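The values are calculated or read from the model by the stated rules, or taken from the named source; none is laboratory data. As the structure is a prediction and not an experimental result, all values here were calculated from the model. Note that we place each Cβ from the backbone using ideal geometry, even for glycine, and neighbour counts take in every protein chain shown.
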Amino acid sequence: MIESIFNSTAATDTTLSLSHALITLAIAIVLGAIISFTYMKTQPAYSQSFTLTMMILPAIVAIIILLIGSNIARAFSLAGAFSIIRFRSAPGDSKDISYVLFSMAAGLSAGVGAFGYAVLFTVVLCVLMYVLKVIKFGMRKDSQKTLKVTIPENLGYEEAFDEVFRQHSVAYELRKVKTTELGSLYELVYAVNLGPATNQKDFLDAIRTRNGNLDITLTMNPAMQEY
């Protein structure tokens, strides 16, 4: 019985019928809902647009696979049509990319008719992602962030905040120096690692005192930040 579910003849059947298309579409939508729900539970901050994308992406991929079938000419035609599409979005987290690939794989499995494997792989990977989130796998004790500091031109930027970094036990690396306000100000971009004992407010106050109360920006998620 179990083998019949995973070795379905629908995976090798090249004829497209209405009932088979509806079943495939329904399974793809359910898998997308499971993946989207798992993403919302494992991601502390998420956008509605991305969760909706996770919901419909498996169905879209499944529809494409159903339309292509085993027709090579149709496959090349669809590849040419999709090659003219340009996607423009802000840089995302690597976890978001893995969820996109996950959703595409689920839609691909449903599209070729491997419904049992599609459900199995989706459930296993969703459980795995949730468990990794609960146990905080790979999370560092220190927190890496991006620090932008504006300083006046008369303050040397090479060692401007070395003493502050040492006092607050902050590891740092100067990534970028840029002039602003017609060269009267400098904008420094640091990659900093804040330890668990570092008080962020005291740290920023010390920098604010040193740079004359000019602009300071501490980015919590440097992966989303463009230098």
Conditions: (1) touching a helix residue (DSSP H, G or I) at 6+ places or on another chain (Cβ under 9 Å); (2) modelled with pLDDT under 85. Thr198 meets all but one. Number of the miss? (1)
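Anything in the range 139-192 that is at positive phi and either surrounded by 11 or more Cβ atoms within 10 Å (Cβ to Cβ) or among the basic types (Lys, Arg) (or both)? List them, or say none. Can you show your working first?
So the first thing to find is which residues in the range 139-192 are at positive phi, and the list is 169, 181-183.
Those that are at positive phi and either surrounded by 11 or more Cβ atoms within 10 Å (Cβ to Cβ) or among the basic types (Lys, Arg) (or both): Ser169, Glu181.
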Any residue in the range 150-174 that is in contact (Cβ under 8 Å) with a residue 12 or more places away in the chain sitting within a Cβ distance under 6 Å of a residue that is exposed (fewer than 11 other Cβ atoms within 10 Å of the Cβ)? List the pairs, counting only those 6 or more apart or interchain. Glu153/Ser184
Residue in the range 103-122 that is nearest to Ile29 (Cα to Cα), counting only those that are within 20 Å of the chain's Cα centre (by Cα) and of a type in the set (A, V, I, L, M): Ala106
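Confirm whether Phe203 is farther than 28 Å from Ser94 by Cβ, surrounded by 12 or more Cβ atoms within 10 Å (Cβ to Cβ) and over 25 Å from the mean Cα position of the chain (by Cα).
Considered against the rule, which asks whether it is farther than 28 Å from Ser94 by Cβ, surrounded by 12 or more Cβ atoms within 10 Å (Cβ to Cβ) and over 25 Å from the mean Cα position of the chain (by Cα), Phe203 comes out as no.
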Complete set of residues in the range 15-50 that are β-branched (Val, Ile, Thr) and not in a helix (DSSP H, G or I): Thr15
Residue that is within 26 Å of Val123 (Cα to Cα), among the hydroxyl-bearing types (Ser, Thr, Tyr) and at pLDDT 75 or above, where the choices are Ser98, Ser4: Ser98
